[in-house]
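The values are calculated or read from the model by the stated rules, or taken from the named source; none is laboratory data. Values in this document were obtained by computation on a predicted structure and should not be read as measured data. Because the Cβ atoms are built from the backbone with ideal geometry, glycine has one as well, and the counts that use them run over all protein chains shown.
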């Protein structure tokens, strides 16, 4: 009995049930990451349709209504299906190992929070095959476009959002409980790696705003099916209310997608600069400040709805204030690299590209924060360029950096460095060719979410589409690298990277199925 | 996990779930909060609920303020709808009567509801309506045309720099809302 019991606990179960019933944080982390990559390819396919249609002026490939469905589904799938689950996957894999915990605090809920996601996205994607088509009102689903004028499939969209929200909330509760209650002896809060810190704060943001998102889609559901008038002016409601409630969720949401990225970069840069992270404490406080400020700036997304001047000034200055803690972070990363013994393996390349390109996205964000200027930029391609710069070479690059950085720990083998570098350079060139011209398009007045455009925008759209195809195709290299690395390669050592610090590098590679079943030696825990 | 950390986790999870429920409720609380803030600030051009408690003004000011009148059908509505006077000049405190017309050219009974909005937003709270067709639903028989009045004045405390304001009505077709409500009542 006891021998069988031990067997059961020392390795994963066999077959498909291992993945269906698993409560192991590493298994669930892998599930999240693979799911996220599948969604990344699906959302990326939609983006390819968009760029193909915009390749030249005129309507060539798709109907305008289908084009709108593509922009909507691309946004929803990338935000809720690719970026968020990828970070939750990284959290599942790394947080218990980083704080010396045997697993997540609530392993069964962990299983559930992953397994409801495929159903949510199956439901959302199935709307593409329905009569009347998929949601076509943009990922921000402004009422009354998403209520009075919505296709019938909007109800499926609403329930899909409910399920995604439930998944995120359960995931966050689990992460908070793990970080606050499961740390190894000696792992004080201010010794935690920054990835753990940024995720702790992100999880609180999720818990605060995902219920508000659930609330706003519930109001839509009531307006559509039960005759209420939350957003219907004819019945005494107000469509502008929708925008306030949505962006009260939506602005913290953008930090939910970037704070864990800050954590990843703060782990990678010290490793490859072979120096301690500069200004650890200030990084923690900056993260907390950004999280706080994210709750009081939401109306900068809606300067043009007509606000009192005092409101516009408040939201303008509060938004600009975010540049201060963000600047602290950027300067800390640069100071960490300063006079370090830097080497440029693939994770470091992605991390450095993150710092440079995310900062550019931050600067265009500052431009958009200037209220009078925003009236010009609002709903143009300048906005599209801005948020893609912070999300693609920002959040997505950090996820790729994290993948390359921890892949040897996950698989036990080194990935193909040559292919990794090829992936990086093609992505780096592709992403800039793709998004940089969109700044010019926006400043020249090209509106977002349109399938056709005036002739003067033709050249920049042509360049942007070529960059898009390059960026899209080069993501398949990542798939090849990961599959090759899972199958074999040069054996990885426990520490993997010469300069790597932290508990996850004290366990062998690949990380055993169960780690830290007894707490690690407190002497191993470095002050950051 | 040890017993103590298990109970610590339980109480933490309870607190976090409570936060989740609280934030869900907060999302709905934003609806009345938003209305209150709109009423106080005139945000979004809302003129507020002034059906009751508006006093007739006692004195008349010197300045002349231009009030313009706009009318528009919202999507799906196609009554003939417009203002009989494009604009009037009023002194603050002077009670003025203007009128709109509406015509239902369909061969069935329709119900309309007009929703007002004032620009600039900060002027909204100084436009006081003593009577307005927007206070009631308008039920029009097939082919019926009506004149609909507004009695209003401009509050004397209106800031100096506002010399012109626009009162705009959007007309909504709420015929179906009526019938669906009636259906619910019948059930």
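Within the range B:110-126, the residues that satisfy the criterion of being part of a strand (DSSP E or B) and within 17 Å of residue B:153 (Cα to Cα) are B:116, B:117, B:118, B:119. Inside the range A:231-264, residues that are out of contact with any strand residue (DSSP E or B) (no Cβ under 7 Å at 6 or more places or on another chain) and either more than 27 Å from residue A:361 (Cα to Cα) or within 13 Å of chain B (Cβ to nearest Cβ) (or both) make up a count of 19. Is there a residue in the range A:184-191 that is away from chain B (no Cβ under 14 Å), at positive phi and in a loop (DSSP other than H, G, I, E, B)? Yes, there is a match, as at least one residue in the range A:184-191 is away from chain B (no Cβ under 14 Å), at positive phi and in a loop (DSSP other than H, G, I, E, B).
A quick yes/no check of all residues on (1) part of a helix (DSSP H, G or I); (2) under 18 Å from residue A:79 (Cβ atoms); (3) touching a residue at least 24 places away in the same chain (Cβ under 8 Å):
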| position | (1), (2), (3) |
| --- | --- |
| A:125 | yes, yes, yes |
| A:133 | no, no, yes |
| A:149 | no, no, no |
| A:169 | yes, yes, yes |
| A:172 | yes, yes, yes |
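Could you list, in sequence order, the residues of the range A:218-230 that are crowded, with 20+ Cβ neighbours inside 10 Å and facing chain B (nearest Cβ under 10 Å)? Of everything in the range A:218-230, those that are crowded, with 20+ Cβ neighbours inside 10 Å and facing chain B (nearest Cβ under 10 Å) turn out to be A:219, A:230. Mind checking whether some residue in the range A:225-232 is farther than 30 Å from residue B:114 by Cβ and not in a helix (DSSP H, G or I)? No, the range A:225-232 contains no residue that is farther than 30 Å from residue B:114 by Cβ and not in a helix (DSSP H, G or I).
Every residue, every condition in (1) surrounded by fewer than 18 Cβ atoms within 10 Å (Cβ to Cβ); (2) under 22 Å from residue A:96 (Cα atoms), yes or no:
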residue: A:464; (1), (2): no, no
residue: A:470; (1), (2): yes, no
residue: A:491; (1), (2): yes, no
residue: A:503; (1), (2): no, yes
residue: A:513; (1), (2): yes, yes
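Applying the set (1) within 14 Å of another protein chain (Cβ to nearest Cβ); (2) in contact (Cβ under 8 Å) with a residue 12 or more places away in the chain to residue A:145 leaves exactly one unmet item: (2).
Taking the conditions (1) at pLDDT 75 or above; (2) away from every other protein chain (no Cβ under 12 Å); (3) over 28 Å from residue A:310 (Cα atoms) in turn, residue B:58 satisfies each one other than (1). With respect to the conditions (1) assigned to a loop (DSSP other than H, G, I, E, B); (2) within 30 Å of residue A:278 (Cα to Cα); (3) under 24 Å from the mean Cα position of the chain (by Cα), residue A:511 lacks only one, and its number is (3).
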